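Some notes on the structure that comes next.
The values are calculated or read from the model by the stated rules, or taken from the named source; none is laboratory data. Just so it is clear, the model here is predicted, and its values are computed rather than measured. So basically every Cβ, Gly included, is an ideal-geometry build from the backbone, and we count neighbours across all protein chains shown.
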Ligand code: DOR
Ligand code: ZN
């Protein structure tokens with residue numbers, strides 16, 4: 001049964017943070033950053049640039065470019081990450097931890113997604129690094145998909161959990177892990193059942209869409225992301241996890257800008273741009289589930305609590321006034337097709 005939508009017209013919540021974000025670099029960074037910084041206090045910034053951010057020194061330089069791109073008067077704290085490779089040394093983990101600005105290390109299985117070629121082919125080669133992260137309490141952020149071409153693309157997350165995540169958790173029981181952008185019942189159940197060291201982010205698009213959205217009336221490249229959208233039963237499990245009130249689940253948009261031409265291609269890129277309306281989209285998803293009262297915990301409390309950072313102290317206000325998303329937006333000298341392009345979103349930021 002669909003719960004009745006509430007009659008709440010205005011919602012004030014502690015300022016949220018985005019615990020999984022792609023900001024890119026250069027002109028694209030300059031143009032996408034205000035969308036995030038006008039909504040969120042902080043964001044965990046993904047390191048999958050080309051070339052990737054593999055050292056603390058590179059993370060520091062990237063952080064400085066982000067802060068330099070921030071429009072005057074805006075406040076925003078980028079929380080940096082390192083890109084794990086099979087060559088990452090434990091000493092780099094020590095440097096990252098000591099920096100105070102690196103908050104996680106991202107595991108991309110090699111060739112799983114955008115700019116993951118330098119990722120990890122064999123996690124067993126990363127033992128000493130994982131050991132250092134466990135010892136220092138630096139979280140491992142996981143893109144949880146196998147890349148084995150024999151595994152069906154819709155099963156890649158479930159198989160990753162069985163083949164790689166379960167052994168990892170067994171071998172490093174005190175390692176803090178965020179399973180990023182979960183998409184399946186299996187992932188939600190795994191995180192629920194695991195120790196307090198294990199958490200997960202959930203995107204707005206995985207809360208709002210199932211895999212039919214990839215083929216609605218024709219092929220829809222702007223709904224293609226990784227992990228790919230799943231069946232309706234999985235979407236429902238994600239909504240249940242997000243609204244459960246469990247501190248293990250928190251907001252991570254995975255907003256990932258790609259130019260329109262790179263998505264509308266014979267081999268289109270994975271990634272959905274949601275930063276232009278991120279918290280509004282989550283509000284819509286929670287509202288549809290009759291759980292607006294759970295939005296603040298998911299968006300503003302569970303993330304900082306897991307990352308052992310203070311919660312934000314200011315607030316944002318949302319109002320139930322529909323607004324129309326433009327068909328296209330210009331970013332970084334390119335045209336982008338934002339999520340909900342040409343359609344409306346039920347909530348907006350109160351001005
Ligand atoms: O859809 C995605 N886009 N998934 C990822 O894992 C990477 C991201 C990107 O960087 O474009
Ligand atoms: Zn991502």
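The strands (runs of 3 or more DSSP E) found entirely in the range 34-132 that carry 3 or more residues being in contact with a helix residue (DSSP H, G or I) (Cβ under 7 Å, 6 or more places away or on another chain) are 77-83, 102-107. The single condition among (1) closer than 27 Å to residue 304 by Cα; (2) within 16 Å of ligand 2 (Cβ to nearest atom); (3) in a helix (DSSP H, G or I) that residue 156 does not meet is (1). Screening residue 314 on (1) surrounded by fewer than 24 Cβ atoms within 10 Å (Cβ to Cβ); (2) within 22 Å of residue 216 (Cα to Cα) shows it passes everything except condition (2). Scanning the range 3-33 for residues that are part of a loop (DSSP other than H, G, I, E, B) and either free of Cβ contacts under 8 Å to residues at least 40 places away in the same chain or out of contact with any helix residue (DSSP H, G or I) (no Cβ under 9 Å at 6 or more places or on another chain) (or both) yields 4, 7, 9. For the range 250-320, give me every one of the helices (runs of 4 or more DSSP H) that falls completely inside it and has 3 or more residues that are touching a residue at least 24 places away in the same chain (Cβ under 8 Å) and under 30 Å from residue 102 (Cβ atoms). Output list reads 278-288, 302-307. Residue pairs whose Cβ atoms lie under 8 Å apart, sitting 6 or more positions apart in sequence or on different chains, and linking a residue in the range 38-49 that is within 15 Å of residue 114 (Cβ to Cβ) to a partner that is within 10 Å of ligand 1 (Cβ to nearest atom) and at pLDDT below 95, are 48/113; 48/114; 48/115; 48/116; 49/115. Scanning the range 222-236 for residues that are surrounded by 21 or more Cβ atoms within 10 Å (Cβ to Cβ) and assigned to a helix (DSSP H, G or I) returns 222, 234, 235. Within the range 214-221, at least one residue is away from ligand 2 (no atom under 16 Å from the Cβ) and touching a residue at least 12 places away in the same chain (Cβ under 8 Å). Of the residues 186, 178, the single one that is in contact with a helix residue (DSSP H, G or I) (Cβ under 7 Å, 6 or more places away or on another chain) and either within 20 Å of residue 210 (Cα to Cα) or at pLDDT 95 or above (or both) is 186.
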